[in-house]
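Everything below concerns the one structure shown next.
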Amino acid sequence: MCRMIMAHGDFSVAEVIEAARAMSCGETAQHEGLIKQHPNGWGCLWLDNGQIRTLHGTGRFADALPELNIKALQTRLLAIHVRHATLSKNSGIQFSHPLLRQSGGTQWYMMHNGFLPTIYQNLGLPASQFDSAEYLEYVVDGVTPSDFTQRYLQEKMANVAPGGSAGNAFFFTDQQAWAWQWHPDDTPYPHYFTLHCCQNTRSTIIASEQIPALGAAAHWHRMSNHQLHEITFAE
């Protein structure tokens with residue numbers, strides 16, 4: 001299970017980085033989930049002159065921060081993912097998000113919060129190797145960005161066998177970003193698997209937890225289950 005944050009528009013890079021660090025350390029956790037700290041890898045994604053750039057690491061995001069020179073970034077899109085590995089075997093740099101898959105000439109990036117241990121069946125695989133990578137393949141292969149809609153994702157997830165905890169995800173191309181919330185309706189952890197959005201005239205911030213430093217509680221709202229929030233990057 002993981003925590004993640006995406007900011008678009010005019011925002012403070014340093015504040016978004018600090019928000020990711022606080023979530024990774026459990027400092028902003030206001031949910032019923034059993035997992036509070038996320039020490040098993042991290043990844044950053046940002047937009048640089050129309051190109052997606054990424055950075056990945058292992059271990060705790062807080063431990064890596066002193067050596068990272070990312071606070072000086074000038075960007076209108078920044079996303080950070082901090083990870084708690086559901087399965088200990090899936091630990092290491094190759095499992096850090098964002099994940100990348102190319103399909104139909106489009107490079108798709110994804111950050112995922114949840115565990116989908118049955119989705120491999122939809123790919124015809126004999127067993128699951130890494131559920132998040134299988135999730136990315138399942139939803140982006142054969143689809144174009146223009147067809148990447150709420151209805152499309154709902155139909156895809158309706159065909160996944162029960163047993164998963166959540167498919168909350170950020171998806172990115174070099175033109176658009178999407179925040180998708182999906183979890184089973186009977187989840188015992190609805191607050192843990194709820195994305196929160198803080199939007200004003202200058203920026204949009206979507207995060208796994210409300211971050212008081214980024215906006216008062218009145219400025220945050222909970223995304224509903226099966227909601228898809230789409231952002232198109234300005235030229």
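Worth pointing out:
- Residue that is most open to solvent (accessible area, probe 1.4 Å), among those in the stretch 105-117 that are touching a helix residue (DSSP H, G or I) at 6+ places or on another chain (Cβ under 8 Å), not in a loop (DSSP other than H, G, I, E, B) and not aromatic (Phe, Trp, Tyr): 106
- Consider the stretch 205-230 and keep the residues that are in a strand (DSSP E or B) and surrounded by 18 or more Cβ atoms within 10 Å (Cβ to Cβ). The one that is farthest from the chain's Cα centre (by Cα) is 220.
- Members of the stretch 117-132 that are more than 20 Å from the chain's Cα centre (by Cα) and touching a residue at least 24 places away in the same chain (Cβ under 8 Å): 121, 122
- Residue that is least open to solvent (accessible area, probe 1.4 Å), among those in the stretch 52-61 that are farther than 16 Å from residue 22 by Cα and either of a type in the set (A, V, I, L, M, F, W, C) or part of a strand (DSSP E or B) (or both): 57
- Residue pairs whose Cβ atoms lie under 7 Å apart, sitting 6 or more positions apart in sequence or on different chains, and linking a residue in the stretch 51-76 that is farther than 23 Å from residue 8 by Cβ and in contact (Cβ under 8 Å) with a residue 40 or more places away in the chain to a partner that is part of a loop (DSSP other than H, G, I, E, B) and open to solvent by less than 90 Å² (accessible area, probe 1.4 Å), are 62/25.
- Residues of the stretch 62-104 classified as within 30 Å of residue 144 (Cα to Cα) and in a helix (DSSP H, G or I), total: 3
- Restricting 70, 93 to residues that are in contact with a strand residue (DSSP E or B) (Cβ under 7 Å, 6 or more places away or on another chain), closer than 13 Å to residue 17 by Cα and at pLDDT below 90 narrows the list to 70.
- The stretch 165-199, subset part of a loop (DSSP other than H, G, I, E, B) and in contact with a helix residue (DSSP H, G or I) (Cβ under 7 Å, 6 or more places away or on another chain), residue farthest from residue 81 (Cα to Cα): 175
- In a residue-by-residue description of the stretch 136-158, the property of being over 18 Å from the mean Cα position of the chain (by Cα), open to solvent by 40 Å² or more (accessible area, probe 1.4 Å) and closer than 19 Å to residue 97 by Cα applies to at least one position.
- Of 54, 28, 58, all but one fail to be in contact with an Asp or Glu (Cβ under 8 Å, 6 or more places away or on another chain) and either among the hydroxyl-bearing types (Ser, Thr, Tyr) or farther than 25 Å from residue 107 by Cα (or both); the exception is 28.
- Subset of the stretch 62-86 [open to solvent by less than 40 Å² (accessible area, probe 1.4 Å), over 13 Å from the mean Cα position of the chain (by Cα) and of a type outside the set (A, V, I, L, M)]: 75
The values are calculated or read from the model by the stated rules, or taken from the named source; none is laboratory data. Values in this document were obtained by computation on a predicted structure and should not be read as measured data. Note that each Cβ is placed from the backbone with ideal geometry, even for glycine, and that neighbours are counted across all protein chains shown. Surface accessibility is based on the protein's heavy atoms, side chains included, excluding ligands, DNA and RNA. Shrake-Rupley method; radii C 1.70, N 1.55, O 1.52, S 1.80 Å.
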